[in-house]
Amino acid sequence: MKNYVITIMTEPMSVKAAERCIETGRLKGTPISKWAATVPNTLLPGLLEASNISQQGFVEKYSRLDNCMAAFHSHWSLWKHCTEIQEEVTIFEHDAVIVDHIPELNYNGCISFGKPSYGQFNIPARIGKNTLSSKRYFPGAHAYRINPWGAQRLIERASKYARPTDVFLHLDVFPWLEEYYPWPVEARDTFTTIQKTEGCLAKHNYNGSYKII
């Protein structure tokens, strides 16, 4: 089992948040390492093309295009890593905070551990593993685990249907998605490197001091 937090190595706020994630993981028995994020740059379109990632689905009003595509590629790179090492991988975004023990458990291919971080959501029906039910898509991609089978399915679909990562992870596309409840990970975000203001308004932590960087 490998555990990684996606970190923008050149952004001090991201590094600081990732180090908080790592420390909360240590306190709950989950060792976490940093994973260098893909960042927006002049090479990004070519990198997406080389990775066989369809780009059309990223155009929407809530996110900055290059930032959203770079974030997706950061997750994609860990899916690829999962298939290469043939081990389960737990993926955290830099604003994730581990608030409870993350269990080892059997799951189909990809399971979310993250408490919904924006918008309305449902409470899962039972304690433990559930079919994804808080939303039809991941309620934030800040904490989830994949196995090599699931990672390969995500990679294959990304060539036809890439979207912002949380919306990409949708039951209509991957009916085997699951989530664990009570959620052992929360997003404690005070800034975003992806969304526009329109995309921040539904965030539960959004307030007057929230930074768009």
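The values are calculated or read from the model by the stated rules, or taken from the named source; none is laboratory data. Quick caveat: nothing in here was measured; it's all calculated off a predicted structure. Glycine also receives a Cβ, built like all others from the backbone with ideal geometry; neighbour counts cover every protein chain displayed.
For the stretch 128-175, how many residues meet the condition of being of a type in the set (Lys, Arg), farther than 23 Å from residue 98 by Cβ and touching a residue at least 24 places away in the same chain (Cβ under 8 Å)? Break it down into steps so the answer makes sense when it comes.
If we filter the stretch 128-175 for residues that are of a type in the set (Lys, Arg), which is where we start, we get 129, 135-136, 145, 153, 157, 160, 163.
Filter once more, keeping what is farther than 23 Å from residue 98 by Cβ: 136, 153, 157, 160, 163.
Applying the additional criterion that residues be touching a residue at least 24 places away in the same chain (Cβ under 8 Å) yields 136, 153, 160, 163.
Here the count works out to 4.
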**Prompt:** Is the stretch 197-208 home to any residue that is hydroxyl-bearing (Ser, Thr, Tyr) and modelled with pLDDT of 95 or more?
**Reply:** no
**Message:** If I filter the stretch 98-117 for residues that are aliphatic (A, V, I, L, M), out of contact with any Phe, Trp or Tyr (no Cβ under 7 Å at 6 or more places or on another chain), within 18 Å of residue 30 (Cα to Cα) and buried (at least 22 other Cβ atoms within 10 Å of the Cβ), do I get at least one hit?
**Reply:** yes
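Would you check if there is a residue in the stretch 120-127 being free of Cβ contacts under 8 Å to residues at least 40 places away in the same chain, aliphatic (A, V, I, L, M) and touching a Ser or Thr at 6+ places or on another chain (Cβ under 9 Å)?
Within the stretch 120-127, the first condition is being free of Cβ contacts under 8 Å to residues at least 40 places away in the same chain, and the residues that meet it are 120-122, 125.
Of the ones still in play, those that are also aliphatic (A, V, I, L, M) are 125.
Adding the requirement that they be touching a Ser or Thr at 6+ places or on another chain (Cβ under 9 Å) leaves 125.
There is at least one residue in the stretch 120-127 that is free of Cβ contacts under 8 Å to residues at least 40 places away in the same chain, aliphatic (A, V, I, L, M) and touching a Ser or Thr at 6+ places or on another chain (Cβ under 9 Å).
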**Message:** With acidic (Asp, Glu) and more than 11 Å from the chain's Cα centre (by Cα) as the only criterion, which of 156, 93 stands out?
**Reply:** 156
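Rundown of residues vs (1) hydroxyl-bearing (Ser, Thr, Tyr); (2) modelled with pLDDT of 95 or more; (3) under 21 Å from residue 189 (Cβ atoms), yes/no style:
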{"residue": "8", "(1), (2), (3)": "no, yes, yes"}
{"residue": "31", "(1), (2), (3)": "no, yes, no"}
{"residue": "67", "(1), (2), (3)": "no, no, yes"}
{"residue": "71", "(1), (2), (3)": "no, yes, yes"}
{"residue": "76", "(1), (2), (3)": "no, yes, no"}
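For the stretch 84-97: of the residues being among the charged types (D, E, K, R) and surrounded by 12 or more Cβ atoms within 10 Å (Cβ to Cβ), which is farthest from residue 184 (Cα to Cα)?
At the first step, the residues of the stretch 84-97 found to be among the charged types (D, E, K, R) are 84, 87-88, 93, 95.
Then keep just the ones that are surrounded by 12 or more Cβ atoms within 10 Å (Cβ to Cβ); that gives 87-88, 93, 95.
On the way: 87: 21, 88: 18, 93: 14, 95: 14 Å.
Result: 87.
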**Message:** Would you confirm whether or not the stretch 72-83 contains a residue that is surrounded by fewer than 18 Cβ atoms within 10 Å (Cβ to Cβ) and part of a loop (DSSP other than H, G, I, E, B)?
**Reply:** no
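So that you can scan it fast, the table gives a plain yes or no per residue for (1) farther than 19 Å from residue 189 by Cβ; (2) of a type in the set (Gly, Ala, Ser):
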| residue | (1), (2) |
| --- | --- |
| 14 | no, yes |
| 18 | no, yes |
| 27 | yes, no |
| 43 | yes, no |
| 52 | yes, no |
| 56 | yes, no |
| 62 | no, no |
